[in-house]
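Below is one structure; the comments refer to it alone.
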Amino acid sequence: MLLALAAIVLVAGLVFVFAQQTRSRRVVVSGNTITVKAKGDVQAALERARPGDTILLEAGATFRGALNLPNKSGNDYITIRSSAPDSQLPAANERIDPARYGSVLPKIVSDTPGESAVTATNGAHHYRFIAVEFGPTPKGAGNIITLGTTDEKSFEALPHHIEFDRVYIHGHPTEGQRRGIALNGRSLRVINSHFAEIKRKGEESQAMAGWAGDGPFEIINNYIEAASEGVLFGGANSPLQVTPTDIVVRGNHFNKPLHWRDDRWVVKNHLELKNARKVIIDRNLMTNNWASGQTGTALVFTSASDSGAHARVEDVEVTNNIVRGAGGALNLHGGESQGGHRLTIRNNVFEDINGQKWGGDGQFLKAAVWDGLVIENNTIQTTGAITIAHGGPITGFVFRHNIIAQNAYGFFGDGRSPGQDSIDTFFPRGRVTYNAIIGGEAHTYRDRNVYPVSFKQLKFVNMEGGDFRLQSESMLKKAGTNGADIGANLDPATVGQSR
């Protein structure tokens with residue numbers, strides 16, 4: 001009896017040792033490189049890694065569990081990447097295409113309800129992910145990646161210097177995903193990556209959202225597919241009362257697949273700012289936004305938070321973008337908290353802003369209470385009013401060198417007559433000058449503008465193909481102040497990707 005028991009114990013011990021040895025053979029250390037083979041322990045590799053090390057995850061393998069990025073001393077990046085050689089991966093600054101590169105991406109996925117695939121310990125810093133796939137959480141709940149929360153009590157506790165380069169982040173085809181990355185921290189970068197299937201029914205969804213970190217943030221050269229918001233800053237509070245600052249959103253393609261309309265996901269807009277300052281939104285392509293959870297407006301800037309205590313939207317530049325297909329172009333409201341200040345909309349094309357096709361009002365600008373709004377050198381195709389103004393005034397308003405249709409009401413404000421009466425009431429001392437207002441009439445406006453009969457009269461390079469640059473013989477060449485052209489001068493081939 002005793003001999004039999006001893007034999008069982010011996011066998012169990014040998015099995016345990018063998019399992020540990022097998023597991024350890026799946027994590028191989030060589031110099032500054034740690035290789036994790038299929039079914040290996042990625043968390044153990046993270047704990048072992050030193051600043052400057054590279055963790056190679058076996059190409060094509062799936063690693064299950066929730067990873068936590070440790071806080072380590074030192075300012076060299078720990079890189080977590082595919083073991084595939086660079087020759088099998090997209091080049092630096094090339095956006096990843098999952099259809100082409102998916103087979104060589106290691107996949108990290110959380111199989112624990114309520115837990116993200118990756119989280120960051122308080123103060124974790126200097127991590128870089130390259131060519132890794134991140135799959136949906138169970139039932140699509142929560143964040144696939146969580147950087148920071150609303151619980152940090154000091155700035156030192158914020159994660160910082162964390163980068164995602166050429167990664168693929170996606171939800172489930174039928175269950176979707178609540179959020180791709182919670183971006184709460186400092187010096188966070190998401191570049192050359194692909195977000196897909198970020199969508200929910202009955203609740204909002206965002207590819208990326210940040211509300212409890214002060215920045216800077218870089219979101220550059222990504223494909224961003226999300227139902228409610230592709231990118232959102234603000235909207236929730238943190239004990240630090242921070243305002244996300246120094247934000248660059250450049251060269252991305254924001255898109256909502258048209259087949260989502262049949263499935264009734266909660267759709268709102270492409271990009272929303274509720275609490276943000278020093279923001280550059282440049283050379284992005286934004287396609288397909290329809291009325292569902294909201295009215296289908298593509299860009300929404302409104303100072304708001306859960307408590308309304310400190311939210312602001314200020315010093316924002318929207319330049320060189322194409323917004324194609326939406327129920328409305330812009331919605332501004334700076335009437336809450338610390339308000340909205342200094343916004344410039346310059347050299348953009350707003351195409352197919354159509355209320356009948358996409359829902360909503362088909363307006364260019366819905367606005368209330370803003371300080372400092374400059375809109376110049378844009379080409380704008382809408383079916384609704386130029387403005388739908390309401391509430392308090394928009395001060396420091398300049399609207400010049402734009403091409404836009406008058407449609408039924410032109411500049412319109414709540415309870416006022418269209419045209420100059422609405423401008424004087426809601427845009428006091430505003431200047432509406434040197435614009436091409438198609439279908440408008442000179443007696444409606446005080447300042448100097450021109451009033452073509454149709455868009456076709458203006459002689460664009462290829463309006464049907466989305467190229468709204470002016471031909472040399474266009475009546476709007478050098479027709480603005482100091483010989484400036486009217487409308488946008490934007491090559492569509494340079495928009496929606498890194499250059």
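Derivation of every value follows stated rules applied to the coordinates shown; laboratory data play no part. Computed from a predicted model, the values in this text were never measured in an experiment. Here the Cβ is made from the backbone with ideal geometry for all residues, glycine too, and neighbour counts use every protein chain on show.
Tell me, rounded to the nearest percent, the portion of alpha carbon pairs in segment 268-499 spaced more than 34 Å apart. Of the Cα pairs, 8 percent sit more than 34 Å apart. With both residues required to sit in the chain, DSSP beta bridges show an antiparallel share near 5%. Remark on segment 330-466: ratio of C-alpha radius of gyration to 2.2 N^0.38 Å is 1.00.
Against the empirical curve 2.2 N^0.38 Å, the C-alpha radius of gyration of segment 28-266 lands at a ratio of 0.95.
Against the chain, whose longest principal axis comes from its Cα atoms, helix 2-25 is set at around 40 degrees.
Ranked highest first by average number of other Cβ atoms within 10 Å, how do 446-458, 33-45 line up? Working shown, then result.
Working: 446-458: 14.7, 33-45: 17.8.
Packing order, densest peptide first, comes out as 33-45, 446-458.
Ranked by how many other Cβ atoms sit within 10 Å of their own Cβ, fewest first, the residues Ser228, Ser238 fall in the order Ser238, Ser228. Cβ crowding within 10 Å, taken as a proxy for footprinting-reagent exposure, orders Glu94, Glu351, Glu47, Glu133 from fewest neighbours to most as Glu47, Glu94, Glu351, Glu133.
Considering only Cα-Cα distances, which of the following residue pairs are longer than 28 Å: Lys107/Lys199; Lys72/Lys107; Lys456/Lys478; Lys37/Lys256; Lys357/Lys459?
Lys37/Lys256
Any idea how far apart Asn71 and Glu441 come out in nm if each label point goes 7 Å out from Cα toward Cβ? Using points 7 Å along Cα→Cβ, the separation is 6.8 nm. Averaging the sequence gap over all C-alpha pairs within less than 8 Å and six or more residues apart, then dividing by the number of residues, gives segment 90-215 a relative contact order of 25 percent.
Highest mean packing comes first when the peptides 229-236, 49-56 are listed by Cβ atoms within 10 Å, giving 229-236, 49-56.
Give, in nm to one decimal, the length gained when the segment between Asn32 and Asp467 is fully stretched (0.36 nm per residue of separation minus the Cα-Cα distance).
Working: separation 435, 0.36 × 435 = 156.60 nm, distance 5.01 nm.
The Asn32-Asp467 span can extend by a further 151.6 nm.
Dimensions of the chain based on its C-alpha atoms, expressed as ranges along the principal axes with the largest first, amount to 107, 46, 43 Å.
Inverting the mean 1/r over all pairs of different Cα atoms, compute the Kirkwood radius of segment 64-185 and quote it in Å.
Numbers: mean 1/r = 0.0666 Å⁻¹.
When all Cα pairs of segment 64-185 are included, the Kirkwood radius is 15.0 Å.
Would you kindly give the portion of the calculated P(r) for segment 89-137 that falls above 12 Å, as a percent of all Cα pairs? Walk me through the intermediate numbers first.
Details: 823 of 1176 pairs.
Summing the P(r) of segment 89-137 above 12 Å gives 70 percent of all pairs.
From least to most packed, judged by other beta carbons within 10 angstrom and beginning with the fewest, Met463, Met286 follow the order Met463, Met286.
Here the simple spin-label model places points 7 Å from the Cα toward Cβ, and for Asn93 and Thr425 these points are separated by 5.2 nm. When you count the other C-beta atoms within 10 angstrom of each residue and take the mean per peptide, 384-392, 368-376, 293-301 line up highest first as 293-301, 384-392, 368-376.
If only the Cβ of Lys and Arg carry +1 and only the Cβ of Asp and Glu carry -1, the dipole of the chain around its Cα centre is close to 580 debye.
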